[in-house]
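The structure appears right after this line, and notes come after that.
The values are calculated or read from the model by the stated rules, or taken from the named source; none is laboratory data. Owing to the predicted nature of the structure, the values given are computational and were not obtained by experimental measurement. Heads up, the Cβs are rebuilt from the backbone with ideal geometry, glycines too, and the neighbour counts pull from every protein chain shown.
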Amino acid sequence: MFSHACLPLLLPLLLLLPLSRAEEGLEFPNFDGKDRVLDVHARNYKKALRRYDMLCLFYHAPLPASKGLQKQFQMTELVLELTAQVLEDKDIGFGMVDAQKDAEVAWKLGLEEVGSLYVFKDDRVIEFDGELSADTLVEFLLDVLEDPVELISNAMELRAFERMEEDIRLIGFFKGEDSHYKSFQEASERFQPYIKFFATFDKAVAKRLSLKMNEVNFYEPFMEEPAILPGRPLSETDIVDFVQQHRRATLRKLRAENMFETWEDDMDGIHIVAFAEEEDPDGYEFLEILKDVARDNTNNPELSIVWIDPDDFPLLTTYWEKTFRLDLFRPQIGVVNVTDADSVWLDMSNDEDLPTAEELEDWIEDVLSGKVNTEDDDDAAASRGRAGGHAASEEGGYDDDDDDARGGYDRGGEEGDGDD
């Protein structure tokens, strides 16, 4: 069994391969049958590290006995093979390390979490914490190949930077590459590609951003004003410590490339989760309300809302609807227990209008104070003898303790329990 069995709500089988349908000028890749993924063991791992500019190793449990789980394991291999094929000209190697047969190699390389993919680049090891699909993995690895700091030198590049409201971003103003910029660059390598670093040597760009020489601004997602890192000039340690302290945003979007990292970063075992389709009028309006709430509470370290756009996860939508008993064609917000997917949802079904920012803040305050929580809702549901369907909680939410929905899946797409 792969790891992350604590994520039962997130991952049915997501090992997707692009469909192959040839069109003139548009052809999706299809696996060509050539083996490119290495079986990495004690006799060849050093050679593999020397051979490639970047080496990706999937650390896996021994081949399972179940035929069903074997098929899913083969799908994982196929994802890696297709990714290796697509990136064949990028000097990226791919390999698999068996946690049982090659335990010594795993120990020497620092591989710890079964079911994880590790990327070795220069002297760094980057753990991929996203959906193991070919398109997501290709995009991730291409980001890793880029320089960890992107330079901004004109108004057009600045406008692009300002539009990136969903991302954590840092930007610093430096005299040039042979300056305190080096500390900034070294810090950026610690977070690549999950957190984006930008720099400018241009005085006009710095003036537009109100940046002083050797100053660094930190932009939390969806916030209009940045935080200024204290002190000038900043050391690598100063920057790393600040980012680690502030990287959990008040409102953050679940993304395929870091979905496990986000989900594991819970607050005392729970997440406040909001579903909203950004392209839908109600979803867009609800998202704007969430942004207002986040901006009003950005200094509250106890608040972090995970926004999920169902359009980004089409294969998970019906699974979430079953697990949480929700209609995801409408915006929703609730509190979810990360261990068993038990949940309580704000009742918005009887109102034509969405809740105001003030009403949403009142509900969030009840969540943070413990007045709304999944354990109390379990007790209330049992006492009511609920027989399925939506059940309104005393706090105006919905409960969910569907045992069938908790069988769950880990990051590798294998079922948490059961055998064929």
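Scanning segment 333-364 for residues that are farther than 20 Å from VAL293 by Cα and either touching a strand residue (DSSP E or B) at 6+ places or on another chain (Cβ under 8 Å) or at pLDDT 95 or above (or both) gives ASN337, VAL338, ALA341, ASP342, SER343.
Counting just the residues of segment 194-209 that are among the hydrophobic types (A, V, I, L, M, F, W, C) and over 24 Å from the mean Cα position of the chain (by Cα), which one comes out surrounded by the fewest Cβ atoms within 10 Å (Cβ to Cβ)? The selected residue is ALA204.
On the given criteria, is ALA84 under 22 Å from HIS41 (Cβ atoms) and out of contact with any Leu (no Cβ under 9 Å at 6 or more places or on another chain)?
yes
Taking PHE242 as the residue in question, decide whether it is at pLDDT 95 or above and more than 19 Å from the chain's Cα centre (by Cα). Judged against the criteria, PHE242 is a match.
Scanning segment 163-192 for residues that are under 18 Å from PRO226 (Cβ atoms) and touching a helix residue (DSSP H, G or I) at 6+ places or on another chain (Cβ under 9 Å) yields GLU165, ILE168, ARG169, LEU170, ILE171, GLY172, PHE173, PHE174, PHE184, ALA187, SER188, PHE191. What is the residue count in segment 40-71 for residues that are of a type in the set (Gly, Ala, Ser) and part of a helix (DSSP H, G or I)? Going through segment 40-71 one residue at a time, the tally reaches 2. Restrict the check to segment 210-231 and report whether at least one residue is over 25 Å from ALA155 (Cα atoms) and buried (at least 21 other Cβ atoms within 10 Å of the Cβ). For segment 210-231, residues over 25 Å from ALA155 (Cα atoms) and buried (at least 21 other Cβ atoms within 10 Å of the Cβ): absent.
Scanning segment 264-313 for residues that are part of a loop (DSSP other than H, G, I, E, B), within 17 Å of THR356 (Cβ to Cβ) and of a type in the set (Gly, Ala, Ser) yields one hit, ALA276.
Summed over segment 211-237, the residues that are hydroxyl-bearing (Ser, Thr, Tyr) and at pLDDT below 95 give a count of 0. Taking the residues in segment 245-263 that are touching a residue at least 60 places away in the same chain (Cβ under 8 Å) and in a loop (DSSP other than H, G, I, E, B) as candidates, determine which candidate is surrounded by the fewest Cβ atoms within 10 Å (Cβ to Cβ). Residue satisfying both the conditions and the ranking: ARG247.
The number of residues in segment 349-368 that are closer than 19 Å to ARG330 by Cβ, in a helix (DSSP H, G or I) and free of Cβ contacts under 8 Å to residues at least 12 places away in the same chain comes to 1. Scan segment 166-181 and give yes if some residue there is over 28 Å from MET54 (Cβ atoms) and either assigned to a helix (DSSP H, G or I) or charged (D, E, K, R) (or both), otherwise no. Taking every residue of segment 166-181 in turn, at least one turns out to be over 28 Å from MET54 (Cβ atoms) and either assigned to a helix (DSSP H, G or I) or charged (D, E, K, R) (or both). Does GLY130 satisfy the condition of being without any contact (Cβ under 8 Å) to a residue 24 or more places away in the chain and small (Gly, Ala, Ser)? No, not satisfied.
Inside segment 132-165, residues that are more than 25 Å from SER210 (Cβ to Cβ) and in a helix (DSSP H, G or I) make up a count of 12.
Between LEU87, LEU49, LEU117, LEU109, the distinction of being under 22 Å from the mean Cα position of the chain (by Cα) and closer than 23 Å to PHE191 by Cβ belongs to LEU117 only.
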